[in-house]
Each structure stands twice: as C-alpha cells, then as structure tokens.
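To keep things clear, I will list the structure first and then write my remarks on it.
Values quoted throughout were computed directly from the atomic coordinates according to the rules given, and no laboratory measurement underlies them. The model shown is predicted, which means the values in this text are computed figures rather than measured ones. Virtual Cβ from ideal backbone geometry, glycine too; neighbours counted across all protein chains shown.
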Amino acid sequence: MPMLDMPLAELKKFQGRNPCPPDMDQFWDASIAEMKRVDAKVELTPGPFSFAQAECFDLWFTGVGGARVHAKYLRPKTRAGKLPAILIFHGYTGSSGDWFDKLAWVAQGYCVAVLDCRGQGGLSEDTGSVKGNTHHGHIIRGLSEDSPEKLLFRSIYLDTAQLARVVMGFPEVDPTRVGATGGSQGGALTLACAALEPTVKFAAPVYPFLCDYQRVWEMDQAKDAYAELKSYFQKFDPRHEREQAIFTRLGYIDCQHLAKRIRARTLMAVGLMDSICPPSTQFAAYNKITAAKDLVIYPDFGHEGLPGLADRISAFMAEM
C-alpha cells in the first residue's frame, strides 16, 4: 500500500524523537498542584437554546492565571440517579461549536461538556502576557520566556483537567464514569486531560496533534497546523543554534511525554496517510500508554472523517 511515514511494524515500536525534559514529572506535578489551589468560581447560566430532552448551560470557571474559561454544558432533562459524562475537545483554532451536535450524547444519557480553548475560536479568555511571535499559533506562545510555565498549552492542558474536576463535582454526574474524546488538537487534549486527571475513566483520542515536534520537523512537515515551528526558527533561531534547547522546552507540552501518566482505558484512531499529524508522532504517544488500550487503524485515510469511528467511540464509551 502507499506509505507516507514508517512501515506499520516500525510505527508500532516507535518511541519518538523529541527530547523529554528531565524534570517533566515534577513540572506537571507542580502545575496540577497550582491548578488545585485555584478557586474555580464555577458558574452555570442557562444557554440560548431549549431542547425537548436537554438542558443547556454556559459553564464558566476560573483557570490558572485567572482566566475565565468557557464550556458548553448539556444534561438530560429526565434523570434517574447519577449519569456518565463525556468531555469533548475541539480542533486547533476552533471552538465548542453548535449546541445541536451534542444532542446525540444527551439522548444516550450522558452529561456533555465541550471546552472552548483559551485564545482560539470560542469564548474563553487568554490572559497570558508573553514575549515573542504568536502570529501563527499557540505551540510557540511563551516559548521565548524564561520559564516553561508561560507556554500557553500548559494552561490549556490544565484547563482540560480542571473541566474534568468541575464536571465530576456536579451532583448529577457519576465521577467514576467520565470519558473524554476529540480529534486533532482535540485528540491531544484528550490525552492531556486523561494524563493530568487520572480518574478520567475512558479516553478516545482521534489522530492527536501536539505530539513529537522534533519528528514533525525532521519529516519536513512543519507546515499546515505545525507551520509555526518553522516560523519560530526562521525568526528567532535562523541557524538552529538553540535547536536542542527549543525542542526540549517544547517537550513539556509534548503529549507523548504525558501519555505514560494515563490510567484511562484508551481507544485511539490514526490514519496512516495523515500528512497533518504524521502517524509516527501519534504512535510515539500511543506506544507510551501503559493503561488498557486499543488502536483503530485506517490505512488509506489522512486527517479527515474516518468511516464508522463515531459509532465505535459511542460503543466504547457505553462500556464505562
């Protein structure tokens, strides 16, 4: 068959190229502790729509750095006992989207929370103040600062875990039956959420973004969603004199290095012709997951709709 990346046998063994910072675990342990100290000031206000089976709310909470973070929250109108919940994360630059497309989950008896990522297409605030170029996106936001704590995706990853904690605290939600899913950036945030909030039960990441930046660079795929990597080097390190240090700093927000923290049962989907998020970068994360896991492979598909996958994820989450 056609091949964009490594042969499948090599992908299944690949452990990634991007260096892992030596204090990775301490960094994220401290970050989680900071998040837990934040007074979330959770607020639920009625949403603009009313549906026969669903109650809709704008959910707001305060995240690290004082940002007010928004999510759409839906729950069944008729409830008997505590319900499972699903957390959904959107693609890069996107938003939580329309209310209507969450109703299938509500109809199956789930409470649903869909995050708006800071500084992207939704309502969440981006309160960060950093040096350097941010024109092309958020991977490089904060990369020129003295501390990795200023990396924007640190805050976004923590927002996913905080959303999980907020939803688990709602009286209608069974905190032992919370799952997470999303595609591309949403797939990366699914990995991050499950890594940083280990009580998340099931995780279904789809062709996750934000994995193995150095591999992306070495494959000459620093374009499209990863174009800002090339832009950063061109503007701030044109001779690559700090290349290793830059990739090590990016390692703090590399989902392959968070994956070992995941305890959720995981179902991941990858298209072997994915030129946006190369398959090897996704396998670098998948291969580090030590929890129960399964991989759905689409040999002829790229970063696109994957036939039958929504049904597969629905059936997977129903096992919670």
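With a threshold of 25 Å on the Cα-Cα distance, the over-threshold entries among K12/K293; K12/K230; K13/K260; K41/K72 are K12/K230.
Residue by residue, the stretch 261-278 carries 3J(HN,Hα) couplings of 7, 5, 10, 5, 5, 10, 10, 10, 10, 9, x, 6, 10, 7, 9, 8, 10, x Hz when phi is fed to the Karplus relation 6.51 cos²θ - 1.76 cosθ + 1.60 (θ = phi - 60°); x denotes Gly or Pro. Of all lysines in the structure, the ones whose alpha carbon falls short of 17 Å from that of K235, not counting any fewer than 8 places away in one chain, are K131, K223.
Treat the count of other C-beta atoms within 10 Å as a stand-in for reagent exposure and order I86, I32, I297, I156 from fewest to most. Before the final figure, lay out each step's value.
On the way: I86 26, I32 19, I297 14, I156 29.
Fewest-to-most Cβ neighbours within 10 Å comes out as I297, I32, I86, I156.
Using θ = phi - 60° in the Karplus curve 6.51 cos²θ - 1.76 cosθ + 1.60, the 3J(HN,Hα) couplings for the stretch 50-58 round to 10, 10, 4, 10, 10, 9, 10, 9, 8 Hz; x is entered for Gly and Pro.
From helices alone, the chain scores -8500 deg cm²/dmol at 222 nm; the rule is -39500 (n - 2.57) for each run of n ≥ 4 DSSP H residues, then divide by the residue total.
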